[in-house]
Each structure stands twice: as structure tokens, then as C-alpha cells.
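Asker: Handing you a structure now.
Read the figures in this text as sums done on the coordinates, not as results from a lab. On a predicted model such as this, the values are computed, not experimentally measured, just so you know.
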Amino acid sequence: MKLNRAILTGASVMIKAFMEPDSSELNNEEMIQARVAESSGIGSFNETDFIMFNGVEKVRPFADMLRNADDALEDSIHGEPDFDLEIHWKGGVMAQYQLWLGQKQQPSYLMDVTHLHLIYRVSADMTNRLIQVLGVDE
């Protein structure tokens with residue numbers, strides 16, 4: 001009886017771990033606002049002239065961007081960022097990023113302003129989606 005209960009408890013824990021999203025995925029789902037501004041350049045952050053995206057459907061592209069970004073192989077990015085992003089989650093959590101938006105069918109690059117050494121690659125498909133969402137003309 002004790003062995004069966006132990007097996008069921010262990011199985012329950014394993015199933016729960018696979019069914020529940022990890023904390024970063026959960027944070028992306030609880031994103032409530034994205035503010036986007038033309039970048040002031042590396043080392044500064046444009047906090048005034050921004051466009052706000054509110055609500056699940058409007059912030060989804062930004063949540064998807066963060067969820068699907070990969071560590072970039074490059075150790076630095078050349079040139080100035082195109083956009084400054086300020087992301088807000090439920091519970092008052094906020095993060096700021098700088099985005100080097102690629103051209104259609106090209107990757108983009110993302111940097112967390114508090115960790116300048118961490119550069120993330122955003123897929124070409126996500127770049128295409130961001131170009132559309134941001135209304136950027138080529």
C-alpha cells in the first residue's frame with residue numbers, strides 16, 4: 001500500500017511538472033503592457049515618446065518574441081538599436097530591452113538593458129511579425 005502511494009505521488013509530481021508552464025513562460029503569458037519608443041541609443045532609454053500596447057492580443061507579439069528569442073552567437077551588436085521596449089507584467093514587474101529590428105526575412109537582436117552582455121536573436125519570422133505590429137516601412 002505504501003509503495004503504491006509513493007509511486008502515485010511520484011507520478012503526480014512528474015505529470016504536474018510537464019503540464020505546468022515554467023516561470024518565464026508564465027511571465028510572458030501575464031504580460032499586460034508593452035511600451036515601444038524609437039531608441040535614444042545604447043546606454044540611454046527613451047521613456048517619453050512611446051506607443052503603448054495593452055491587452056492580451058496587443059502584447060502577444062512581444063511575449064512571443066521573448067519566449068522564442070535564442071542566445072545569439074555574437075558577443076556584441078554593431079550600430080545603435082532601433083527601438084527601446086519597456087515590458088510590464090502583472091504584479092508590477094517591469095523590464096527594459098533594446099531592439100535591433102532586422103529587415104524582412106532577417107533575424108533581429110534584443111538586449112536586456114540591465115545585462116548588456118546578453119544578446120538574444122529573434123527569428124526572421126518574428127522579425128516579420130514585429131515589422132507588421134510596429135508599422136515599420138522598409
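Asker: Determine the shape class of segment 53-138: with a ≥ b ≥ c the square roots of the Cα gyration tensor eigenvalues, call it rounded for a/c under 1.5, and otherwise prolate if a/b is greater than b/c, oblate otherwise.
Answerer: In terms of gyration-tensor shape, oblate.
Asker: At 0.36 nm per residue, minus the direct Cα-Cα distance, what do residue 137 and residue 90 gain on full extension? Give it in nm, one decimal, please.
Answerer: 13.7 nm
Asker: In addition: Work out how much length residue 128 to residue 48 would gain on full extension: take 0.36 nm times their residue separation and subtract the Cα-Cα distance, in nm to one decimal.
Answerer: 26.2 nm
Asker: With θ taken as phi - 60° and the coefficients 6.51, -1.76 and 1.60, list the Karplus ³J(HN,Hα) couplings across segment 60-71 in order, rounded to whole Hz; mark glycine and proline as x.
Answerer: 3, x, 6, 5, 5, 4, 5, 5, 9, 5, 10, 4
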